[in-house]
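Structure first, commentary second.
Just so it is clear, none of the values below were taken in a lab; they were calculated from the coordinates. In this text, all values refer to a predicted model and were calculated from it rather than measured experimentally. Using ideal geometry, Cβ is built from the backbone for each residue, glycine included, and neighbour counts are taken over all protein chains shown.
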Amino acid sequence: MDIQHLVDRLEQALNESTRVPLSAYLLVNEEKVYSLLDQMRVAVPEEIKRANRIEAEKDRILAQAKEEGERIRELARQEAAELVKRDAIVNAAQNRAENIVERARRDSEALRQDADVYIMDVLNRLEEDLMRTLKVVQNGMHKVQSDQQAALQAAAEAAADAGR
C-alpha cells in the first residue's frame with residue numbers, strides 16, 4: 001500500500017477523533033491507529049525498495065544518456081573531420097579547375113594567334129595569286145585591245161589602199 005495513502009488515513013483518523021475539552025489531547029481509536037502504524041511499517045520498506053529501484057533506474061538512464069551523448073559527440077567529431085577533409089578536397093579541386101581553365105585560356109589564346117598568323121599567310125598568298133591572275137587578265141585585255149587596234153588599223157589601211 002502507498003505510504004502517502006496510509007499517512008492520509010492516519011490524519012483522517014486523528015481528525016475524526018474526539019477532543020478532550022480544554023486540552024490539546026484527543027481520544028483516538030487505538031486499534032485503528034495501531035493498525036495504520038503496522039501498515040506503515042510494512043509499507044515503508046516497500047517504499048524504500050521502490051525508491052531504490054527508481055534511483056537505480058535513474059542511474060541506468062543517466063549512464064545510458066551519457067553513453068549516447070559520447071556516441072553523438074564522437075559522430076559529430078567524425079563528421080566535422082570529414083567536412084574538413086571534404087573542404088580540403090573541394091579547395092584542391094577548385095585550385096586544379098582554376099589552373100586547368102587558366103591553361104585552357106592561354107592555349108586558346110596561343111591557338112587564336114597561330115590561326116591569325118596562318119590566316120594572314122593564306123590571305124597574303126591568295127592576294128599574290130590574285131595579283132598575278134589580275135596581271136594576266138590585264139595583259140590579256142591589253143593584247144586583245146592592241147590586236148583589235150592593229151586589226152582596225154590594218155583594215156583602215158587596206159580600205160585606204162583600195163580606194164586609191
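Structural remarks
- Set side by side, the residues Ala92, Ala43 differ, and just one is of a type in the set (A, V, I, L, M), farther than 30 Å from His5 by Cα, out of contact with any strand residue (DSSP E or B) (no Cβ under 9 Å at 6 or more places or on another chain) and in a helix (DSSP H, G or I), which is Ala92.
Residue by residue, here is whether (1) in contact with an Asp or Glu (Cβ under 6 Å, 6 or more places away or on another chain); (2) of a type in the set (Lys, Arg); (3) assigned to a helix (DSSP H, G or I); (4) over 30 Å from Leu6 (Cα atoms) holds:
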residue: Arg53; (1), (2), (3), (4): no, yes, yes, no
residue: Glu70; (1), (2), (3), (4): no, no, yes, yes
residue: Asp129; (1), (2), (3), (4): no, no, yes, yes
residue: Arg132; (1), (2), (3), (4): no, yes, yes, yes
residue: Ser146; (1), (2), (3), (4): no, no, yes, yes
residue: Leu152; (1), (2), (3), (4): no, no, yes, yes
residue: Glu157; (1), (2), (3), (4): no, no, yes, yes
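- Residue list for the range 34-85, restricted to those being under 56 Å from the mean Cα position of the chain (by Cα) and among the small types (Gly, Ala, Ser): Ala51, Ala56, Ala63, Ala65, Gly69, Ala76, Ala80, Ala81
- Filtering Arg103, Arg60 for residues that are surrounded by 10 or more Cβ atoms within 10 Å (Cβ to Cβ) and closer than 26 Å to Ile3 by Cα leaves a single hit, Arg60.
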